[in-house]
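> Below are the structure tokens for one structure; questions will follow.
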Amino acid sequence: MLFEPDNPIQGKADDLLGRSAYAHAIADALLSQRDSEAYVVGLYGAWGSGKTSLLNMVTEDIRSR
């Protein structure tokens with residue numbers, strides 16, 4: 001039996017679950033904020049549900065603009 005490590009993906013090229021469109025929408029929402037006030041964004045989910053993978057794709061999307 002071969003076990004695979006539970007490591008987050010690093011970008012949309014590795015997205016096998018089709019979440020890159022969701023990451024793009026989050027990046028759009030973050031970049032559309034024009035207020036000078038600080039704000040906080042929370043991402044909640046169970047362990048292993050893909051939070052870090054999603055954040056990696058959001059970061060990739062923002063950096064590519």
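The values are calculated or read from the model by the stated rules, or taken from the named source; none is laboratory data. All figures in this text were calculated on a predicted structure; none of them were measured in a lab. Here the Cβ positions follow ideal geometry from the backbone for every residue, glycine too, while neighbour counts run over all protein chains shown. These area figures cover heavy atoms from the full protein model, side chains too; ligands, DNA and RNA do not enter into them. Shrake-Rupley method; radii C 1.70, N 1.55, O 1.52, S 1.80 Å.
> Can you work out which of the residues in region 21-38 that are open to solvent by 90 Å² or more (accessible area, probe 1.4 Å) and within 17 Å of Ile62 (Cα to Cα) is modelled with the highest pLDDT?
Tyr22
> Select from region 1-20 the residues that are open to solvent by 100 Å² or more (accessible area, probe 1.4 Å), over 16 Å from Arg63 (Cα atoms) and not aliphatic (A, V, I, L, M) and write down the one among them that is nearest to the chain's Cα centre (by Cα).
Step by step, filter region 1-20, then rank; the result is Asn7.
> Could you identify the single residue in Ala23, Ala46, Ala29 that is more than 10 Å from the chain's Cα centre (by Cα) and part of a helix (DSSP H, G or I)? I'd like the intermediate steps shown before the answer.
Numbers: Ala23 fails: more than 10 Å from the chain's Cα centre (by Cα); Ala46 fails: part of a helix (DSSP H, G or I).
From the options Ala23, Ala46, Ala29, the qualifying one is Ala29.
> Cβ-Cβ under 8 Å, sequence separation 6+ or interchain: first residue in region 18-34 and without any contact (Cβ under 8 Å) to a residue 24 or more places away in the chain, partner in a loop (DSSP other than H, G, I, E, B). Which pairs?
Close Cβ pairs (under 8 Å, with a partner that is in a loop (DSSP other than H, G, I, E, B)) amount to Gln33/Tyr39.
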